[in-house]
Amino acid sequence: MTGTSEPAVRFERLTLAYGARRVWTDLTAEVGSGTFTAIIGPSGSGKTSLLRAVLGLVVPASGRLAVLGHEPRRGDPEIGYVPQTSRFDPDVALRGVDLVRFGIDGHRWGIGGPDADATARVRGAIEQVGASAYALAPVGRLSGGEQQRLRIAQALVGAPRLLLCDEPLAHLDLGSQRGIVDVIARWRAATGGTVLFVTHDVNPVLELVDRVLFVVDGRWAAGAPDEILTTERLTALYRSHVDVVRVHDRLLVVGEATGSGFEVEEPHHLPAQLADHHEGG
């Protein structure tokens with residue numbers, strides 16, 4: 001799916017810094033409405049910070065950022081956010097339905113009172129992600145995949161136009177990963193929504209990805225997967241030889257240690273440490 005209207009997100013020479021440290025510099029890219037963009041980069045490269053900038057939680061040092069046609073603003077109801085989180089404590093006194101309800105009134109103290117409209121919206125979001133069978137169970141007793149479906153329901157309960165996902169597949173088995181990807185794919189197909197998806201492994205979402213955005217060491221690169229995920233491009237971006245091959249519709253990457261102090265992982269998946277460098281950055 002390719003967006004044809006005004007971009008959902010536009011970065012114009014955007015620089016983000018924490019004190020003297022620049023996370024990335026002069027980021028210029030567009031996220032088309034209705035598209036799926038994978039954000040890739042090693043730990044500490046600023047992937048989560050990028051999402052926080054879109055959410056209006058951090059202020060860039062320079063440049064301009066437009067989100068859904070306006071400046072970023074905290075609590076924007078048109079944005080759904082699936083944060084990077086760990087598993088819930090098994091003894092936490094919270095049901096799945098309560099977690100999803102936080103997506104409506106979690107900014108208030110405690111869980112909201114009776115509200116027929118809110119109840120219907122929560123039920124619809126839970127059905128949308130296929131979590132009805134365990135929505136009344138304590139979230140801490142659910143599997144990682146079940147918990148993540150409920151987190152996505154929480155992000156979708158407000159009917160957003162833009163969905164931000166920060167490592168939603170982390171620590172999940174392959175079956176659970178496939179289920180989460182299917183949930184997001186169905187939502188995008190049904191609503192025409194836009195997805196920004198942070199991941200260390202692009203293979204589970206490769207068939208959905210319209211564009212990739214790499215960020216590392218203050219530099220960046222953006223483009224279509226077939227334009228960037230090649231031996232020649234990754235070698236140039238890494239400044240060290242990298243081999244990229246396709247096996248059974250999966251990308252395998254083999255490379256030596258780079259000057260950035262990390263290595264390409266074992267060649268069973270495509271890690272974040274791929275070509276995250278922008279030649280002109």
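Tabulated data
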| item | result |
| --- | --- |
| Rg in Å to one decimal, and Dmax rounded to a whole Å, for region 89-158 via C-alpha atoms | 11.0, 30 |
| Counting all C-alpha pairs of region 110-195, share separated by more than 18 Å (%) | 43 percent |
| Karplus 3J(HN,Hα) series, Hz, for region 138-149 with 6.51 cos²θ - 1.76 cosθ + 1.60 (x for Gly, Pro) | x, 4, x, 9, 8, 6, x, x, 5, 4, 5, 4 |
| Volume per residue that the Cα convex hull of region 154-211 spans, once the total is divided by residue count, Å³ | 86 Å³ |
| Student exercise, region 89-158 dipole from Lys, Arg, Asp, Glu Cβ charges, in Debye to nearest 20 | 100 debye |
| Length gained when the stretch residue 207-residue 116 is fully extended (0.36 nm per residue, less Cα-Cα span) | 28.9 nm |
| Nonlocal amide H pairs with residue 94, under 5 Å, H built at 1.01 Å | 139, 140 |
| Hull shadow area, averaged, region 55-206 [alpha-carbon convex hull, nm²] | 10.1 nm² |
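Since every read-out is calculated from the coordinates, none of them should be taken as a lab result. Computed from a predicted model, the values in this text were never measured in an experiment. A quick note on method: Cβ atoms are made from the backbone with ideal geometry, for glycine too, and the neighbour counts reach across all protein chains shown.
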